[in-house]
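First up is the structure itself, then whatever we jot down about it.
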Amino acid sequence: MEQSTITLSLENVTFGFNGTELFKGIDLRVFQGEIFAIVGTSGSGTSTFLKLCIGLLKPQQGVIRIYGIDITTVSFQKLNEIRLRIGFVFQDGGLISNMTLFENVALPLRYHTSLYDEAIRDIAEGKLSLVEISGYEGYFPAQLSMEYKIRAGLARALALDPMLIFYDEPAAGLDEDKSNSLLRLIKRLRDEFGVTSVVVSHNMDFATSIADRIAVIGDGRMKMVGENPDTELSAQME
């Protein structure tokens, strides 16, 4: 894992709402090409953390940098440019229900590029092949299992070739075999393409299986744990 380049960093980030301080001076660095997991119980603020990282929320204090750019101070236009260089995978895939899988994956390409239809089709089909669901291009989300919805959401996140992807509870609702299959896919993106992944999960087993490093979030703080953190992580989650 290359640790000379910092892909995502938070410095002294404080955030709260309705008079409640949710985060209290969080510091974090995620390096290029690593899988970084953030584990927290329900209500610990993991979803809010992701919203801060992609600029949907702004901290009351602190700096958040993606690719070295402080997203808390840039213009809306610049923020959107940065967002085109990241991917986001929702818990249930986040697919548009009245679009086929192909149309869902092609949507970012149609909206953000001037590519011709043939090139868009090649790219979209290639991404669906990469996440191992070729042949389902014409299916609608309601026709798919949860695993395939998540894979399709990942294919869409990969459409513009981002080097940083955020995952919100990717293994939620999946059994052990399907979770392990998804785990292998995320690792493949790291190993073959150098993609940096930030994975938020309540599932300790999934996090410890997938991550190069792990942080636990709770009581407004974030604490790093070791590369083999099963014992320490379990203690902090109690």
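Filter the range 140-153 for residues that are outside any loop (DSSP other than H, G, I, E, B) and either surrounded by 13 or more Cβ atoms within 10 Å (Cβ to Cβ) or without any contact (Cβ under 8 Å) to a residue 12 or more places away in the chain (or both) and give the result. Listed by number, the residues that qualify are Pro141, Gln143, Met146, Glu147, Tyr148, Lys149, Ile150, Arg151, Ala152, Gly153.
So which of Glu169, Glu137 ends up being in contact (Cβ under 8 Å) with a residue 12 or more places away in the chain, over 14 Å from Phe88 (Cβ atoms) and buried (at least 16 other Cβ atoms within 10 Å of the Cβ)? Even if it seems obvious, please write down each step before you answer.
Values: Glu169 fails: over 14 Å from Phe88 (Cβ atoms).
Residue meeting the stated conditions: Glu137.
Here Arg65 passes the criteria (1) over 26 Å from Lys187 (Cα atoms); (2) in a strand (DSSP E or B); (3) of a type in the set (Lys, Arg) except the one numbered (1).
Here is a check on your reading of the model: is Leu154 within 22 Å of Thr46 (Cα to Cα) and out of contact with any helix residue (DSSP H, G or I) (no Cβ under 9 Å at 6 or more places or on another chain)? Taking the combined requirement at face value, the residue does not satisfy it.
In summary, strands (runs of 3 or more DSSP E) completely within the range 1-53 and bearing 2 or more residues that are surrounded by fewer than 22 Cβ atoms within 10 Å (Cβ to Cβ) occur at 6-17, 20-31.
If you check Gly62, Gly87, Gly68 for being crowded, with 17+ Cβ neighbours inside 10 Å and either over 22 Å from Lys149 (Cα atoms) or out of contact with any helix residue (DSSP H, G or I) (no Cβ under 9 Å at 6 or more places or on another chain) (or both), only one passes: Gly62.
Matching residues to (1) without any contact (Cβ under 8 Å) to a residue 40 or more places away in the chain; (2) charged (D, E, K, R); (3) over 17 Å from Val216 (Cα atoms):
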{"residue": "Val30", "(1), (2), (3)": "no, no, no"}
{"residue": "Ile38", "(1), (2), (3)": "no, no, no"}
{"residue": "Ser44", "(1), (2), (3)": "no, no, no"}
{"residue": "Ser47", "(1), (2), (3)": "no, no, no"}
{"residue": "Leu57", "(1), (2), (3)": "no, no, yes"}
{"residue": "Gln60", "(1), (2), (3)": "no, no, yes"}
{"residue": "Gln77", "(1), (2), (3)": "yes, no, yes"}
{"residue": "Glu81", "(1), (2), (3)": "yes, yes, yes"}
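Could you check how many residues of the range 90-133 are open to solvent by 40 Å² or more (accessible area, probe 1.4 Å), of a type outside the set (Ser, Thr, Tyr) and not in a helix (DSSP H, G or I)? Looking only at that region, the number is 8.
Any residue in the range 185-192 that is out of contact with any helix residue (DSSP H, G or I) (no Cβ under 6 Å at 6 or more places or on another chain), crowded, with 16+ Cβ neighbours inside 10 Å and farther than 20 Å from Thr7 by Cβ? For the range 185-192, residues out of contact with any helix residue (DSSP H, G or I) (no Cβ under 6 Å at 6 or more places or on another chain), crowded, with 16+ Cβ neighbours inside 10 Å and farther than 20 Å from Thr7 by Cβ: absent. Remark: Ala159 falls outside the filter, which requires a residue to be closer than 10 Å to Val89 by Cα, surrounded by 20 or more Cβ atoms within 10 Å (Cβ to Cβ), within 15 Å of the chain's Cα centre (by Cα) and at pLDDT 95 or above.
The residues in the range 68-111 that are under 15 Å from the mean Cα position of the chain (by Cα) and aromatic (Phe, Trp, Tyr) can be counted, and the count is 2.
The values are calculated or read from the model by the stated rules, or taken from the named source; none is laboratory data. Treat the numbers as computed from the prediction; the structure is a model and nothing was measured. Heads up, the Cβs are rebuilt from the backbone with ideal geometry, glycines too, and the neighbour counts pull from every protein chain shown. Quick note on the areas: whole protein, heavy atoms, side chains included, nothing else; ligands and nucleic acids left out. Shrake-Rupley method; radii C 1.70, N 1.55, O 1.52, S 1.80 Å.
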